[in-house]
1. What is the gain in length, in nm to one decimal, between residue 248 and residue 216 on full extension, counting 0.36 nm per residue of separation less the C-alpha to C-alpha distance?
2. For segment 126-251, what D do you get in µm² per second when you plug the Kirkwood radius from alpha-carbon pairs into Stokes-Einstein at 4 °C and 1.567 mPa s?
3. Just grab the label-to-label distance for residue 193 and residue 32, each label 7 Å out from Cα along the Cβ direction, in nm (one decimal).
4. Can you compute the FRET efficiency between residue 139 and residue 44 using 1/(1 + (r/R0)^6), with r the Cβ-Cβ distance and R0 = 45 Å? Round to the nearest 0.05.
5. Tell me, what is the FRET efficiency for residue 154 and residue 17 to the nearest 0.05, using R0 = 30 angstrom and their Cβ-Cβ distance as r?
6. Once you place label points 7 Å from the Cα toward the Cβ at residue 110 and residue 235, how far apart are they in nm?
7. Per residue and in cubic angstrom, what volume does the convex hull of the Cα atoms of segment 4-235 have?
8. By how many nm would the segment from residue 147 to residue 99 lengthen if fully extended, with 0.36 nm per residue of separation less the alpha-carbon distance?
Ligand code: PGA
């Protein structure tokens, strides 16, 4: 399986900064590995990013998206419009959506079903809080998040997973390789209980303070198929250094 590096810009950059960034990325990304790069700009500047990426192998997606094509859903992004704009992916259930915007697992199940039906690939984010980990609830929490959100998932349509321990996001505190591999294995097994073919082909990304200097040790892990990168993805040089270090660690 390929090794993917996905940059989650969160609510950063404006149209001008995005244009500079994408031009730099297009110029510097290694051609052979460009199709393993994904970027997730804020929806308001996605149009410009999409225009600049046209014809390149780099993919882009939304940070959040609803599960219906259109309708009375004030403030939401339509997966149909994103698809028309050239998006291939959308994150759903990022911990910031869960915590700041109170998105429950049941809503994510609805979104995931609709997003798959309309044709975007959802990247479902799951992860435990520091309390969950301290109380030994990591397995219970991530499996519950996965199963609930996948309640109506279609095994014939693509789905990606991102494991992002909440305590490691934006904190500089990265999960240890042991913690990451353990969680990814739990998720892979939970997927296999649902459908073994899906489990084998589903990329499971790790996210949480990935930087150039910790990329190699995490990229080496058996069940890690890529990274979801926040802070370090805002700088093209750092983003590409993560990809380069990951690729060389994997040989
Ligand atoms: P971080 O964010 O790399 O800044 O920790 C990761 C994420 O939230 O996807």
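No value in this document is a laboratory result; all are computed from the given coordinates. Just so it is clear, the structure is predicted and the values come from calculations on it, not from any experiment. FYI the Cβ positions are ideal-geometry reconstructions off the backbone, even for glycines, and counts take in every protein chain you see.
1. Details: separation 32, 0.36 × 32 = 11.52 nm, distance 0.76 nm.
Extending this stretch completely gives an extra 10.8 nm.
2. On the way: Rh = 14.9 Å.
Stokes-Einstein gives a translational diffusion coefficient of 87 µm²/s.
3. Result: 4.1 nm between the two label points.
4. Values: r = 38 Å, r/R0 = 0.84.
The calculated FRET efficiency here is 0.75.
5. Working: r = 37 Å, r/R0 = 1.23.
So the FRET efficiency works out to roughly 0.25.
6. Spacing of the two 7 Å Cα→Cβ label points: 4.1 nm.
7. Working: hull volume 28.3 nm³, N = 232.
Enclosed volume per residue, from the Cα hull, is 122 Å³.
8. Numbers: separation 48, 0.36 × 48 = 17.28 nm, distance 1.88 nm.
That works out to 15.4 nm of additional length.
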